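The values are calculated or read from the model by the stated rules, or taken from the named source; none is laboratory data. This is a predicted model, so every value here is computed, not measured. With ideal geometry, Cβ positions are generated from the backbone for all residues, glycine too; neighbour counts draw on all protein chains shown. Heads up: the accessible areas ignore ligands, DNA and RNA and are worked out on the full protein's heavy atoms, side chains in. Shrake-Rupley method; radii C 1.70, N 1.55, O 1.52, S 1.80 Å.
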Amino acid sequence: MAQHAEHPAYPVGLRLSGRRVVVVGGGQVAQRRLPALIAAGADIVLVSPSAKPSVEAMAEAGEIRWERRRYAEGDLTGAWYALIASSDPAANRTASAEAERARIWCVRSDDAEAATAWTPATGRSEGVTVAVLTGHDPRRSAAVRDAIVEGLRDGTLAAPHHRSRTPGVALVGGGPGDPDLITVRGRRLLAEADVVIADRLGPRDLLDELGPHVEVIDAAKIPYGRAMAQEAINDALIEHAKAGKAVVRLKGGDPFVFGRGMEEAHALAEAGIPCTVVPGISSSISVPGAAGIPVTHRGVAHEFTVVSGHVAPDDNRSLVDWAALARLRGTLVLLMAVDKIGAIAEALVEHGKAPDTPVALVQEGTTATQRRVDATLATVGETVRAEGIRPPAVIVIGEVVALGDGQ
């Protein structure tokens, strides 16, 4: 290899499905490289007297065949590719020499110059494989790889699809408000959208990143009135999808946590429109966490219950068993409950909850204007009025509130 050192490596993608690959050594290198070889469908033989527990688990699961012994001449017979990564330098040299004679592409973890192949820093994003080689600087390779993959995933690196896309709708959970808390997949789908129908509580800052060609429909504005009727939202999703456009329905939190996402999914299914659901980080757990409140804690709360508070306890439309909730010892998280919290607190106390039970109100959680106000069940109604608490706010009831610092 020395006489060819000045020449760059020739990049190629190996199709190893069903083809024999031999890995010599069951240590850290094998632990890192085996998953990709397994994903490629390779017929993998591991030759090593011992292996890392995670590598051993791969063998136990039948993903690889493990020969529990040292390398021996002839082990590479029939292989298309070899990874030499044992802790025995002599065995590595012998195996590498066998690969050279048999014209088997061979990676050497201990001596890159003696290898006939190098492993690039590899990453994947929605069908795209990124492989980076920078000679003898693996850290730079990894950094370049990470930058490219992150750009593809979050849409900051433009890579439009030139083949026809299947029109459809993605129900995307935008998370609790901070634009950085949307999922990677959600952000990528936003970057690929032709139309975005957004809720008021969705991460609005993400809309500024959309291209000028993207049509943004505010689900809370005209022509559908102050609050866009669910039927009108469904019709808009179907109309744009049938026009051949990629549509994103951007919601706050998670589409299926008080987000009426299933109603939209049913409407799309009835219309024959493909629908993808992208879960989001629910404000029911993320907002308390951002305010320093764990919804569960060892020795304090072994369960938490999330309840919609948009209907008062004495309303005939209420589906909540407030008496049962009052008997629970865990954490109660209320969404959409600012207007009704006084009546809810009274109902909980009436059914046996202690009046001095701690309560935290977290307004506009995870955003730059996040605000936390603490109270008790006995005082929370008046506290909301006195402090001017307004939606969106998450209300946490239970002993876990006292674990935070109240900031």
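Could you point to the residue in 290, 313, 392 farthest towards the positive end of the chain's charge dipole, with +1 and -1 charges on the Cβ of Lys/Arg and Asp/Glu respectively?
After comparing all options, I get 290.
Place a +1 charge on the Cβ of each Lys and Arg in the chain and a -1 charge on the Cβ of each Asp and Glu, then give the dipole magnitude about the Cα centre in debye, rounded to the nearest 20. Don't skip to the answer; put the middle values down first.
Working: 43 positive and 50 negative charges, 223 e Å.
My answer is approximately 1080 debye.
Suppose only helical runs count, i.e. DSSP H with n ≥ 4. What mean residue ellipticity at 222 nm does that imply for the chain under -39500 (n - 2.57) per run, divided by all residues and rounded to the nearest 500 deg cm²/dmol?
Theoretical 222 nm ellipticity from helices: -8500 deg cm²/dmol.
What longest region of the chain stays clear of trypsin sites (Lys or Arg not before Pro) that DSSP places outside H, G, I, E and B and that have at most 12 other Cβ atoms within 10 Å?
330-407
One-quarter of the Cα convex hull surface for the range 347-407, in nm²?
Spelled out: convex hull of the Cα atoms, projected over all directions, averaged, 4.2 nm².
If contacts are Cα pairs under 8 angstrom and at least 6 residues apart, what is the relative contact order of the chain in percent?
Reported as a whole number, the value is 10 percent.
At 7 Å along Cα-to-Cβ for each site, give me the label-to-label distance between residue 231 and residue 17 in nm.
The two pseudo-label positions are separated by 4.8 nm.
Using only C-alpha atoms and all pairs of different ones, pull out the Kirkwood radius for the range 22-85 in Å with one decimal.
Radius from the Kirkwood sum: 11.5 Å.
Between the helical axis of 138-154 and the dominant principal axis of the chain, each derived from Cα atoms, what acute angle in degrees is found, rounded to the nearest 10?
The helix 138-154 is inclined about 40 degrees to the chain.
Roughly what % antiparallel, to the nearest 5, for the DSSP beta bridges in the chain?
Details: 22 of 61 bridges.
Taking every DSSP beta bridge within the chain, about 35 percent pair in antiparallel fashion.
Any idea what angle helix 89-102 forms with the longest principal axis of the chain, computed on alpha-carbon atoms, 0 to 90 degrees, nearest 10?
With rounding to tens, the tilt is 70 degrees.
Kirkwood Rh and Cα-based Rg: tell me the resulting Rg over Rh for the range 165-220, rounded to two decimals.
Values: Rg = 10.6 Å, Rh = 11.6 Å.
For the range 165-220, the value is 0.92.
Given 0.36 nm per residue, what is the gain on full extension from residue 390 to residue 329 after removing their alpha carbon distance, in nm? List each step's numbers first, then the result.
Values: separation 61, 0.36 × 61 = 21.96 nm, distance 2.75 nm.
So the chain would gain 19.2 nm between residue 390 and residue 329.
Against the longest alpha carbon principal axis of the chain, how many degrees, from 0 to 90 and to the nearest 10, is the axis of helix 28-39 turned?
80 degrees
Springs between alpha-carbon pairs under 10 angstrom, Gaussian network model over the chain: which of 373, 196, 128 fluctuates most?
128
Pull up the cross-link candidates among the aspartates and glutamates for residue 340, meaning alpha carbon to alpha carbon under 20 Å and not fewer than 8 places away within one chain.
Leaving aside aspartates and glutamates fewer than 8 places away in the same chain, those within reach of residue 340 are 314, 315, 321, 350, 356, 364, 374, 382, 387.
What span do the alpha-carbon atoms of the chain cover on each of the three principal axes, reported in whole Å from largest to smallest?
83, 54, 37 Å, listed from the longest principal axis down.
Could you give log10 I(q)/I(0) at q = 0.18, 0.20, 0.24 Å⁻¹ for the range 320-385, computed by the Debye formula over C-alpha point scatterers of equal weight, without solvent?
The computed values of log10 I(q)/I(0) come out as -0.65, -0.79, -1.09.
How far apart, in nm, are the 7 Å Cα→Cβ label points at residue 308 and residue 124?
About 3.8 nm separates the two model spin labels.
Taking Cα centroids, how far is the range 86-124 from the range 248-268 in Å?
So the separation of the two Cα centres works out to 51 Å.
Across the range 232-307, how large is the tail of the calculated P(r) beyond 14 Å, expressed as a percent of all Cα pairs?
On the way: 1919 of 2850 pairs.
Every Cα pair in the range 232-307 considered, those over 14 Å come to 67 percent.
Leaving out ligands, DNA and RNA, what percent of the accessible area of the chain is carbon and sulfur, probe 1.4 Å?
That fraction is 51 percent.
At 1.4 Å probe size, with no ligands or nucleic acids counted, give the accessible surface of residue 104 in Å², nearest ten.
For residue 104, the solvent-accessible surface is approximately 10 Å².
Accessible area per residue, 1.4 Å probe, Å², for the range 209-332: what's the number?
Accessible surface, normalised per residue, equals 55 Å².
May I ask for the distance between the Cα centers of the range 350-407 and the range 183-221, given as a whole number of Å?
When both Cα centres are located, 31 Å separates them.
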